[in-house]
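Scroll down for the structure; my scribbles are underneath it.
Each value in this text was obtained by applying a stated rule to the coordinates, not by laboratory testing. Values in this document were obtained by computation on a predicted structure and should not be read as measured data. Note: ideal-geometry Cβ built from the backbone for every residue, glycine included; neighbour counts use all protein chains shown.
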Amino acid sequence: MPKKKSGKRKYSHALVIAKLGNECAICHCRETAILQIDHLLKNGAQERKTKGQQQIYKRIMEGYSSEYRCLCASCNWREWVRHFATIDPVAAVSEASMKHFLTTLKRHLELYLEET
């Protein structure tokens with residue numbers, strides 16, 4: 001029989017974002033709906049697979065916050081592209097593609113803000 005999940009998470013995304021300063025470390029955006037956790041060691045995908053989101057949240061809340069920072073979705077994506085370009089410049093995202101992404105993101109944020 002499968003194990004039942006507890007249902008309640010110990011650490012919420014909002015609590016962790018607050019611990020990381022509640023604003024984007026680059027552009028200082030404070031719109032919590034789009035704030036994300038940036039892994040300064042650039043190992044986010046690996047860490048999520050091996051530890052899981054709650055263990056990452058726990059590490060941040062227990063004092064390992066120097067390994068992470070808070071970024072808005074736009075800045076986080078831009079940082080990822082910059083990092084990826086240092087690894088494989090041929091596969092890096094073009095300026096036109098980034099501009100299209102940012103325009104689309106802006107449109108989505110405007111729609112979101114109209115709803116709230």
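Key figures
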| item | result |
| --- | --- |
| Inter-site label distance for Glu110 and Ala14 at 7 Å from Cα along Cβ, in nm | 2.8 |
| Cβ-based net charge around Leu35, under 12 Å, with every Lys or Arg adding one and every Asp or Glu removing one | 0 |
| Of Trp80, Met61, Cys24, farthest towards positive along the dipole that unit charges on Lys, Arg, Asp, Glu beta carbons give segment 13-115 | Met61 |
| Linear extension gain, Thr103 paired with Ile26, 0.36 nm per residue minus alpha-carbon span | 25.9 nm |
| Relative contact order for segment 13-115, counting Cα pairs under 8 Å that sit 6 or more residues apart, in percent | 29 |
| Peptides 63-69, 23-29, 104-110 ordered by average Cβ neighbours within 10 Å, highest first | 23-29, 63-69, 104-110 |
| Above-threshold pairs, the threshold being 28 Å between Cα atoms, out of Lys42/Lys106; Lys19/Lys42; Lys51/Lys106; Lys58/Lys99; Lys10/Lys106 | Lys51/Lys106; Lys58/Lys99; Lys10/Lys106 |
